[in-house]
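Beneath this line is the structure, given in structure tokens, with notes to follow.
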Amino acid sequence: MTSPSSKSTALDKLNSEIAADESLPLKAAATQAVPGEGNPDAEILFVGEAPGKDEDLQGRPFVGAAGKFLTELIESIGLKREDVYIANLLKHRPPGNRDPLPVEIAAYVPYLDQQVEIIKPKLIVTLGRYSMAHFLGEGLSITKIHGQPKRNQKGQIILPMYHPAAALYRGDLRPVLKSDFAKIPQVLKLIEERVAS
């Protein structure tokens, strides 16, 4: 088992690689890279879509209005941001917060996959349809499968959810996200029971 300190070192090294990678398609237009942050030994990894304006300026994921809501949601299940790891599919902000293009996703996902490999979370919570599609494949509808844990082809347990930003535009999604978040402790418990049995 990898120790937290060696995981931390590996993530720091990866973050430096992301910051230095001149081939990344959105690097030139962004202020800085936003690789991710949190506990290297986290049981839960949250994966959003891409940094927004506040994230681009601060170099940290989920620090704007959607980030405040995400923090609230994490605290609603008795955890703090420092207990989990938070990252995005893309590590640079798309111009004007537009949707990521397939070519951009393809350029950034190897870094996300390396983060997953280092952290080895028990549960990956995808926030929004783009990160859901990366872990569970195209063609699934978030409206149909949100809040339902799925095992993907790699054997990872994925819990798809709406992006917190969606709840800022659609108030009816706030209780849905809260309800889906409330399932996380039970899902973790089931994962642990399966590992133990």
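Here are the numbers:
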| read-out | value |
| --- | --- |
| Kirkwood Rh, angstrom, the chain [1 / mean 1/r, Cα pairs] | 16.9 |
| Mean residue ellipticity (222 nm) of the chain, computed from DSSP H runs ≥ 4 via -39,500 (n - 2.57), nearest 500 | -14000 deg cm²/dmol |
| Approximate spin-label separation Thr31-Val103, in nm, with each point projected 7 Å along Cα-to-Cβ | 2.7 |
| Most positive-pole-ward Cα, Ala182, Ala10, Pro95, against dipole of the chain from beta carbon charges | Ala182 |
| Part-to-part distance (alpha-carbon centres) for the stretch 162-179 and the stretch 1-67, which is given in Å | 24 |
| Most fluctuating residue given options Asn15, Asn88, Asn152, as computed from a GNM of the chain linking Cα atoms under 10 Å | Asn152 |
| When each of Lys122/Lys183; Lys7/Lys122; Lys13/Lys150; Lys7/Lys120; Lys150/Lys189 is checked by Cα-Cα distance, pairs over 19 Å | Lys13/Lys150 |
| Anchor Lys68: lysines whose Cα lies under 19 Å away (excluding residues fewer than 8 positions away in-chain) | Lys53, Lys80, Lys178 |
| Residues of type aspartates and glutamates that Lys154 reaches as a straight line, Cα spacing below 19 Å, ignoring anything fewer than 8 places off in the same chain | Glu43, Asp113, Glu117, Glu138, Glu192 |
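Each value in this text was obtained by applying a stated rule to the coordinates, not by laboratory testing. For clarity, every value in this text was computed on a predicted model and none was experimentally measured. Cβ: placed from backbone, ideal geometry, glycine included. Neighbour counts: every protein chain shown.
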